[in-house]
Amino acid sequence: MGNSLVSQLGFNPQNIDTNDYLLTLLDEALRAGLISESTLQELQIQIMEILKDQIIRYTRGKSSSIPVEAAQNLLQSILFCMDTFCLGFPTPITCLSELLERGMKEVYREGLALVKSKVNEAKKLFAEVRSTRIQTSLIAYNSTLNEAIPDFFKNYDANFNAHDTAAGIDYPLAGDDVNARGVEYIQQYLQKMKMENMFCRRFSRKEIDRLLENYGRVYRIRYPEFLINIFEIVLTNAIFSVMLGEKATSLTLRKNQVVLLRERLSGLEVSEMGSLLRSTIDRVIEELGIRDQDMIVYIFRCGENLLPRLINAVQQETLQRLAIPVMDDPEPEILFEFGESMNDEDFRRLVEDLLACADPAEKARMIMSRIRSLVDFIDILKADCLFGDEYRVLFERLGDMELSILARVILVDELRDQSDEFSFAKALSLIQISDTVWVNQLSVFLQQLSHDRQQAIEDLLKTETGMVI
Amino acid sequence: MADISRFIMPISRENAISIIISTNKLSQKHGMVLTEKDALQIIDARNKALKTTGRIEVDLRVINEIIRTFCKSPYINQANYADMTCELVEAFYYMKNETGDKIGDDDLIHIMRDYFDNRCFGSIELLTGRELEKLVDEIRFACYNDILDDR
């Protein structure tokens, strides 16, 4: 089967889907006249025979019929193993001649053996990932390594469910391939995680921890509980550090450096920004002494993904949300949580202190530094210890997240009734005057916010996080 | 995702008829035989039942076993042989689904025969109603092994 013959017959490898390799290869071969209709039918009968054998094995010979869904699953598993065999060939044409020569049963047997050997390879890879793991308090990272991946190895069934990725992996990778299935998925996941670990090991734990803490402050989140990718955040700051003429290993950026960076970048054309980003990634790789080709390709791919966000951040003047600066003296934050209510004694003392204080800013500071729960916050608003403009001064200290949580309390009916087409601005304009002072004060405050902030709060109100709170 | 229907080839009718007719050797001893027309009627009932219950079957072993087991029942005679076989085939796949595939083919057919003769006195309606409900409950309470031991 020479190449010239193939091209004459119009065999088009583009028509082959890597996620459904065998069947799309056979269909394309039939279309191009490389196999006849009867050959295709014969191969399909051979696959059916494998399916029959698998049904008997699946039911341990006790049943000759199974529900269609179970049979469909077995078929997926068979085809996954056969695809694994096929993908080992350099070209579809060499694969096709091998298929015709060996027959489907042998292809399945070899594919299954390959899948099982990949599981063993993945186990070795997992040991390497574990030995290079990042010491972090990020829950998703730790639970993925401690529970999800071991569960995968415990539950993975190459015989009957080879295509299934039976693992509750939470930690998001910077360059995950979500189309991969079964052991292929785990293998690529572990390969990439190992590269991310190896990259992060070039930075001190203290630097990474500090960066993640600053990241949490910038986004007003408790970072250990969020699904964030450590490698991406570290790489991003390393890139900006090098852009500023600092060492790649220095992840600490000061606020004035970020301002300087934005000024420099805002003078560049989009194409210039792209070139600068690429040359900076090159310098980061060189400075960190990275020689592994796969790792270089991965870093480049993930680093280049930064470009649209970088352009947007420069244009929107939000670079400090991408290049994470040190938040030296963080404002006391309220991060509402359930289950952290104050005891009655502390609450009473706070009310007394607030009533004794006449300075609105000081009153706001007291509330922000002493209250941790939404319930306490609303109880304070209801406790008649704030007056007039003092509400505004307090609300001004709240971030979009906290305001969205309070907005959810006062707009609960609107959110429920118009879940699909909810408009924050519209809901505010229609809000009735309430008997409760703080509700009226909050409503007026929210209506006076800029369009951008209202939009940001609306987005939060529509997110799942918001719904859970 | 590959559609399973691409790989399911219908069983050849000639082959199916000859498998069913071959059971006459045994059933003749009990005074009953199936004709080719009966065999076709049973195959159609089986195909329809598989479709209705959303199941896929790899061979005709079940029909064969149902015929061999039930031709000895006192509630089946030549006059109702083909019709009863069709109904029992339909009942089998229905019960297979309802019991969540927890009972193997041979065991289920023997339980059906036991209940059919001794509890339902030849009523398939009672078999797929009252008795199946009890069976499902018993399975739920993990009494399946006891049922088999008692048989």
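Throughout, read-outs are computed from the coordinates displayed, never taken from laboratory work. Everything quoted here is computed from the prediction, not taken from an experiment. Cβ coordinates were reconstructed from backbone atoms using ideal geometry, including for glycine residues, and neighbour counts include every protein chain displayed.
Annotations for the structure displayed:
- Neighbours of A:R283, meaning other residues whose beta-carbon lies under 13 angstrom from its beta-carbon, give a summed charge of -2 when Lys and Arg score +1 and Asp and Glu score -1.
- Over the stretch A:46-120, the reciprocal of the mean inverse Cα-Cα separation, the Kirkwood hydrodynamic radius, stands at 13.1 Å.
- Angle between chain A longest axis and helix A:68-86 axis [Cα atoms, degrees, rounded to 10]: 70
- With the charge dipole of the protein assembly as shown set up from +1 on Lys and Arg Cβ and -1 on Asp and Glu Cβ about the Cα centre, the Cα lying farthest toward the positive end among the listed residues A:A425, A:T24, A:N237 is that of A:T24.
- Helical mean residue ellipticity (222 nm; -39500 (n - 2.57) per DSSP H run of 4+; nearest 500) of the protein assembly as shown: -19500 deg cm²/dmol
- Among the listed pairs A:K123/A:K206; A:K123/A:K247; A:K124/A:K206; A:K62/B:K134; A:K52/B:K48, those beyond 27 Å (Cα-Cα): A:K123/A:K206; A:K123/A:K247; A:K124/A:K206
- A:L253 long-range amide H proximity, modeled H, under 5 Å: A:V326
- For residues of A:56-66, the mean tally of beta carbons on other chains within 10 Å: 6
- Average partner coverage of B:92-101, which counts Cβ from other chains inside 10 Å: 2
- Packing-based ranking of B:75-82, A:449-456 yields B:75-82, A:449-456, ordered from highest to lowest mean Cβ neighbour count within 10 Å.
- In percent, rounded to a whole number, the relative contact order of chain A is 9, using alpha-carbon pairs under 8 Å and six or more apart.
- Note on A:69-81: average number of Cβ atoms from other chains within 10 Å of each residue's Cβ is 3.
- Remark: chain B carries a charge dipole of roughly 400 debye about the Cα centre, counting +1 on each Lys and Arg Cβ and -1 on each Asp and Glu Cβ.
- Between B:R55 and A:V68, the built amide H atoms are under 5 Å apart, and every one of these is 5 or more places off in sequence or on another chain.
- Per-residue ³J(HN,Hα) for the stretch A:109-119, Karplus 6.51 cos²θ - 1.76 cosθ + 1.60, θ = phi - 60°, Hz, x for Gly and Pro: 4, 5, x, 4, 4, 5, 4, 5, 6, 5, 4
- Converting phi to 3J(HN,Hα) with the Karplus coefficients 6.51, -1.76 and 1.60 and the offset θ = phi - 60°, the stretch A:35-47 yields 9, 8, 4, 5, 5, 4, 5, 4, 5, 5, 5, 5, 5 Hz in sequence order, with x at every glycine or proline.
- Relative contact order (%) - criterion: Cα under 8 Å, at least six apart; region: chain B: 21
- Computed over the stretch A:27-140, relative contact order equals 23 percent, with contacts defined as Cα pairs under 8 Å that lie 6+ residues apart.
- Judged by the gyration tensor of its Cα atoms, with axes a ≥ b ≥ c, the protein assembly as shown is oblate; a/c meets the 1.5 cut and b/c is at least as large as a/b.
- Between amide H atoms placed 1.01 Å from N, distances below 5 Å from A:S64 occur with B:D105, all of them 5 or more places distant or on a separate chain.
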